[in-house]
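Encoded as structure tokens, the structure appears first; notes follow it.
The values are calculated or read from the model by the stated rules, or taken from the named source; none is laboratory data. Because the structure is predicted, anything quoted here is derived from the model rather than measured. We place every Cβ from the backbone using ideal geometry, glycine too, and count neighbours over all the protein chains shown. The protein model used for the area step is the full one, side chains on, heavy atoms only, and it has no ligands, DNA or RNA in it. Shrake-Rupley method; radii C 1.70, N 1.55, O 1.52, S 1.80 Å.
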Amino acid sequence: RPPIKGLPTLMSELYLTCSFDWTTKLWHTKTKKPLCTFERCRDYVYDIQWSPMHPAIFATGDGNGKLDIWNLNKDFELPTQTIQATEKDRTISKIAFSGDGQSIAVGTSSGSVKMFSLREELANPAEEDAKQFYESIQARIQQASQRQNDQMGLEKMGRRYASNNNPYLGSITSVLNARADR
């Protein structure tokens with residue numbers, strides 16, 4: 001979750017995961033599916049870290065040595081900044097923001113640690129950045145909750161039709177489920 005004090009409770013219920021499936025996912029504790037899946041990494045994603053100062057900023061480190069800085073107030077599809085943080089064929093194994101959010105340390109599979117300074121707009125949020133992020137996340141949570149409710153309705157409808165031995169149930173249910181996942 002964004003480690004910034006004073007954010008609404010909703011924000012403290014957010015968390016990020018990274019994976020060997022080359023993705024990073026943003027979750028809310030009350031949703032069963034991710035709010036967003038980030039698929040920009042070029043290899044396994046070994047570490048992820050929220051900025052301690054900016055609620056919409058996080059960083060990912062992957063197996064190709066790329067450090068991606070994401071600003072969710074600007075874009076949910078592409079990182080704001082990408083840095084080749086390691087030598088060729090070296091993995092980023094650990095990342096950590098400094099306490100003031102001005103820089104980020106990158107630990108590599110070769111045992112080295114490198115420090116990178118962040119651009120001013122990434123390190124120091126403007127007053128409206130927290131509000132903008134909160135509103136954006138709130139909308140995504142509402143969409144995810146609606147999709148969950150729609151899915152439960154489809155499952156209930158499927159059970160009702162299944163009790164009637166409807167031969168078309170399988171194809172109808174799969175089409176409806178596919179639409180609900182969009």
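Computed values, structure above
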quantity	calculated
Listed peptides 67-75, 125-133 by packing density, highest first (mean Cβ within 10 Å)	67-75, 125-133
Distance violations [Cα-Cα > 21 Å] among Lys88/Lys114; Lys25/Lys66; Lys74/Lys94	Lys74/Lys94
Segment Lys88-Gln138, extension gain: residue separation times 0.36 nm, minus the distance between their alpha carbons	14.0 nm
Exposure rank, largest accessible area first [Tyr46, Tyr134; 1.4 Å]	Tyr46, Tyr134
